[in-house]
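Down below is the structure, laid out as structure tokens.
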Amino acid sequence: MSWGTELWDQFDNLEKHTQWGIDVLEKYIKFVKERTEIELSYAKQLRNLSKKYQPKKNSKEEEEYRYTSTRAFLATLNEMNDYAGQHEVISENMTSLITAELTRYVQELKQERKSHFHDGRKAQQHIETCWKQLEASKRRFERDCKEADRAQQYFEKMDADINVTKADVEKARQQAQLRHQMAEDSKAEYSSTLQKFNSEQHEHYYTHIPNIFQKIQEMEERRIVRIGESMKTFAEVDRQVIPIIGKCLDEITKAAESVDHKNDSQMVIEAFKSGFEPPGDVDFEDFTQPMKRTVSESSLSNSRGDGKSEPKFGSKSKGKLWPFIKKNKLMSLLTSPHQPPPPPPASASPSAVPNGPQSPKQQKEPLSHRFNEFMTSKPKIHCFRSLKRGGAGPEDFSNLPPEQRRKKLQQKVDELNRDIQKEMDSRDALTKMKDVYIKNPQMGDAASVDHRLAELGQNIEKLRLEVQKFEGWLAEVEGRLPARTEQPRRQSGVYEAQNPSGVNSCAQDRESPDGSYTEEQSQETEMKVPATDFDDEFDDEEPLPTIGTCKALYTFEGQNEGTISVAEGELLYVIEEDKGDGWTRIRRNEDEEGYVPTSYVEVYLDKNAKDVHKPLQKISE
């Protein structure tokens, strides 16, 4: 099977067919190029997707990636990044092994095709030239033969005419002979040209054209083989990355199998455990007794006859409800003054300040109202997280719950120990360098490292002092926390038993202006944070509504936390009435509000206010 013998007369069709083959090859190159662009775009999108969901450094998200489920998700993101890299490898290999190679081959193929068809056209032109020479020789021989016949007929005619002279007859005879000679010469030339043409034609159709067509056939077959190999390479490039992609998918599966719900649950406990004890039972308060009512140790309110509560070791302490209290109650608890209000100026008569500290206590909130408020408020336990991330807190982390404080102090001690180890390693290295300098003075001056060694020694000493300080706080916290292997006890009892100095200074329980209890002052210090730390946890709460107005009877300088200064005769808004502790909460404008002694103001309550649960005794003019 040869194009030279089978297609000897299909020169034009072969030219069209080979051009079509080159077009197919270029189309395949374009296809592969677009595939590589798709692979690159897909890899870029995968990388962007993985980067989008990566946790930001030094952010809240980074802390959340300590759980097994989030670590598995992080591993998935990293594997997707490697997965994207394999698609980039596919694109690079296809570009180098297919697109670049085929593009170079197409250029060579076009040059080879052009050369072959140039030789074919040249052979065609040569055979056409020989054919034209043969035709010319043939026409000349035909013309000479016709001329010889006419000359012979003219001679015979002249020879038969008796009226023609002998000279004319001779002349006609010579002319006829000349024409016959010319016809013979044309015949010989035509015969020679014909033989030459036949030889050239045979050479053309049986030698030159078959050779040229054979080269064209081989060229076309090489193109077909090359495009087949490229298609095979196309598949092999994909197949080469399948094991790596399989490993990526195996790692994702392995990460998914590492998710441990029990471990995550335990980590939630470690992250948010406060160390506080649940509130105790509320005792029955008998209001039928005419005598001054008292409360048991585990109730939600405490007598203020002497402003202190006797510590009773082994008994249950008052429980804290503040993680469940609404924002307004919580703000009152955290920002209200924890001390009795000052008495009014001596010029005021006792009758003018019935709400002063010496006056009888007003009736507290009904217990049913307090219980309903506790049941309807949303238990936002996660407010501890706002405490933890709410800006720069005290150095000893006293603003955190005990368990969280212990963890933070332990982390700080570990961090300082690591810093000490680094400094000691640096000091050891410099010491060795100094020894080398002493033994080999030409290598350096040994005195040049003394200053740095002194600095390192000072740094180590400072760090050790810091460690001692934090270890002291840690020992204090661990001493206050109940033993995990023993029956849990109330915190106040444990604190009082293990920290007698704290009991002597500030062990009594205090009651905030809204009637809820707080712990001893040491825990008040731990839990006291600016009000803005809770804003992100209670964004849906509205500010307290105005329930009346008041007029300042005396000037009051609010120097304690939670109080506000007022001038004599100043008119202000009342947003929370006296709960029986001698303080009234007022507001000057949207940004200024706080507590003032009830005996320093004259209150006018709005009877239609919705949050007024009992009438407030007004100050008589």
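Above 16 Å, the calculated P(r) of the range 35-82 contains 45 percent of its Cα-Cα pairs. In this simple spin-label approximation, Ala100 and Ile162 carry label points 7 Å from Cα along the Cα→Cβ vector, and these lie 10.7 nm apart. Seen from every direction in turn and averaged, the convex hull around the alpha carbons of the range 204-257 projects onto 3.8 nm². 3J(HN,Hα) couplings calculated from phi for the range 444-453 with the Karplus curve 6.51 cos²θ - 1.76 cosθ + 1.60 (θ = phi - 60°) are, in sequence order, x, 8, 5, 6, 6, 9, 4, 4, 5, 5 Hz; Gly and Pro show x.
Average 1/r across all pairs of distinct alpha carbons in the range 1-137, invert it, and you get the Kirkwood radius: 20.4 Å. May I ask you to work out the translational diffusion coefficient for the range 69-109 at 10 °C, viscosity 1.306 mPa s, via Stokes-Einstein with Rh from the Kirkwood sum over Cα pairs, reported in whole µm²/s? In µm²/s, the coefficient is 129.
Applying a threshold of 20 Å to the alpha-carbon distances of Lys16/Lys122; Lys132/Lys196; Lys57/Lys247; Lys30/Lys51 flags Lys57/Lys247; Lys30/Lys51 as lying beyond it. Measuring r between the beta carbons of Lys462 and Asn48 and using R0 = 60 Å, the FRET efficiency lands at 0.85.
Note that the range 117-156 carries a Kirkwood radius of 12.3 Å, evaluated over its alpha carbons pair by pair.
Going through the range 3-73, which trypsin sites (Lys or Arg not before Pro) have at most 11 other Cβ atoms within 10 Å and a DSSP loop state? Filter output for the range 3-73: Lys56, Lys57.
Taking only the C-alpha atoms of the range 410-455, Rg followed by Dmax gives 14.0, 47 Å.
Counting Lys +1, Arg +1, Asp -1, Glu -1, what net charge surrounds Pro243 among other residues with beta carbon under 15 Å of its beta carbon? Value of the local net charge: -4.
Between amide H atoms placed 1.01 Å from N, distances below 5 Å from Ile575 occur with Ile547, Arg585, Ile586, Arg587, all of them 5 or more places distant or on a separate chain. According to the Cα-based calculation, Rg over Rh for the range 75-200 is 1.75, with Rh computed by the Kirkwood formula.
Rolling a 1.4 Å probe over the protein chains gives Thr5 an accessible area of about 90 Å².
Once you list every other residue whose beta carbon is under 14 Å from the beta carbon of Lys132, what net charge do they have if Lys and Arg are +1 and Asp and Glu are -1?
Computed value for this residue: +1.
Sorted into 5 angstrom bins from 0, the C-alpha pair distances of the range 1-63 split as 4, 14, 9, 10, 9, 7, 8, 6, 6, 6, 5, 4, 4, 3, 3, 3, 1 percent. Amide hydrogen proximity for Val601: with H placed 1.01 Å from N in the peptide plane, the residues at 5 or more positions away or on another chain lying under 5 Å are Leu553.
The chymotrypsin sites (Phe, Trp or Tyr not before Pro) of the range 189-296 that meet both conditions, a loop assignment by DSSP and at most 15 other Cβ atoms within 10 Å of the site Cβ, are Phe284, Phe287. Net charge of the neighbourhood of Met158, taken over other residues with C-beta under 13 Å away and scored Lys/Arg +1, Asp/Glu -1, is 0.
Compared with the rule-of-thumb size 2.2 N^0.38 Å for a compact globular protein, the range 134-260 has a Cα radius of gyration ratio of 3.00.
The values are calculated or read from the model by the stated rules, or taken from the named source; none is laboratory data. Just so we're clear, the structure is a prediction, and the values are computed from it rather than from any experiment. Quick reminder, even Gly has a Cβ in these numbers, built from the backbone with ideal geometry, and neighbours come from all protein chains shown. With ligands, DNA and RNA removed, areas are computed over all heavy atoms of the protein, side chains included. Shrake-Rupley method; radii C 1.70, N 1.55, O 1.52, S 1.80 Å.
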